[in-house]
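Below is one structure; the comments refer to it alone.
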Amino acid sequence: MNESPSARWVVVGNRENRRIGLFLDAARAAGVAAPRVVEWRAVLRDGGHDFAEDEIVRLDSPGENPAVDELLRGVNDPTRVEGSARWYARFLDAVGSLRGGRRLDDPAELAVLFDKRLCHARLDGAGVPVPASPTSGAEAPVGGWSEVRDRLRDNGLRRVFVKLAHGSSASGVLAIESTSSGRWRATTSVEVAADGLHNSLEVRRYSSEPEIAAIVDRLAPDGLHIEQWVPKASLAGRTADLRVLVVAGRATHAVVRTSRAPMTNLHLGGTRGDLAAVRVAAGDRWTEALAICEQAAACFPGTLCVGVDLLPSIGWRRFTIGEVNAFGDLLPRLTGLPEGPAAGVDTYTAQLRAAPYFVAPQLDSPEVRYAPA
């Protein structure tokens, strides 16, 4: 793969965030002129930002900054779960206020990527294997626990994930299951406090339907998405899934996440698993698994880089897509797949190399190409 030609880079993010630090380090190591950093706080304060037409503009997560979080969600405690619908609306307004430049993140696609209901419908419509969902698309919102319970009954679902439509990092996610006797249990990182719901680093279980109902009813105003809980494969006695990074249409990096809980997020006690062992377990299906991730990413051709959550079924013979993440590239110390176009380099270097060649497809050009080999 050739090195990228000279380019003027801009990254929109929170300067103190390690994401920005890692990207700047990668640019320095690649010999790229130091990217200009535009802070989300300034974008929100100033009502937008203007870029030169020859600047390559990369957006990064606005998360992990309390001041920015308060501007977007309207709450002054970063652990609070509530406010994701407000975050979504204000974030899209901020993205829409960015003007000029060569954009690597299509605003219309970001609107879909940050709504799990719309994202699920787009993937499903393109033939990407996804879990069954009674909330796929732009249908009427779910009003609370009683409606969640009705939809599970009507669709024959006994084990589901209930997620905030605009949530991230497992915020507000409940893994809910019912028994033949009609009892309910929810596994979640949501902690109930006197002032509302909070994200916790501890995964806990609620086994009382009134407790579960109270949580779901508090989450419902922000929008809910329901997905079938697909039993996942195991690795070394732990539940496993993968985050696969797709850059300019090609699967470049993969990390295995394992856990004893339904959620495999690393901040909730998940650990990185052995990718070599996964490839052995998947056998000749490994190539198919990567192709499914690329198929999912192809639903967002105007976005250079997405992180695809790949769910392997028991036995590693089938795969479904759980989510597609716009800011899914924070995978420190991970180098590219040896057979891919980013072999030996980190996720940010892969994007630096690919971006100057990246052109979102036009009607007469349906492909997005990686940098020439």
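Read-outs throughout are calculated quantities, based only on the coordinates presented, and are distinct from any laboratory measurement. The shown structure was predicted, so the numbers you read here are calculated from the model rather than taken from an experiment. Using ideal geometry, Cβ is built from the backbone for each residue, glycine included, and neighbour counts are taken over all protein chains shown.
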Within the range 211-242: backbone nitrogen closer than 20 Å to the E139 label point (7 Å, Cα to C-beta): 217, 220-230
D (Stokes-Einstein, µm²/s), Kirkwood Cα radius, the range 3-79, 1.306 mPa s at 10 °C: 118 µm²/s
Cα-Cα P(r), the range 1-151, percent of pairs per 5 Å interval: 2, 8, 14, 16, 17, 14, 13, 9, 4, 2, 1, 0
Inverse of mean 1/r across different Cα pairs in the range 109-148, Kirkwood, Å: 10.8 Å
FRET efficiency estimate (nearest 0.05) - Cβ-Cβ, A89 to E209, R0 30 angstrom: 0.40
Calculated FRET efficiency for the pair S181/D25, C-beta based, R₀ 56 Å, to 0.05: 0.50
Share, in percent, of DSSP beta bridges within the chain that are antiparallel, nearest 5: 75 percent
Principal axis dimensions, largest first and in whole angstrom, of the chain by Cα: 65, 51, 39
14 Å beta-carbon shell around A343, net charge (K/R +1, D/E -1): 0
Spacing of the two label points (7 Å from each Cα toward its C-beta) at D77 and R159, in nm: 3.3 nm
Cα-Cα pairs of the range 141-227 separated by more than 17 Å (percent): 41 percent
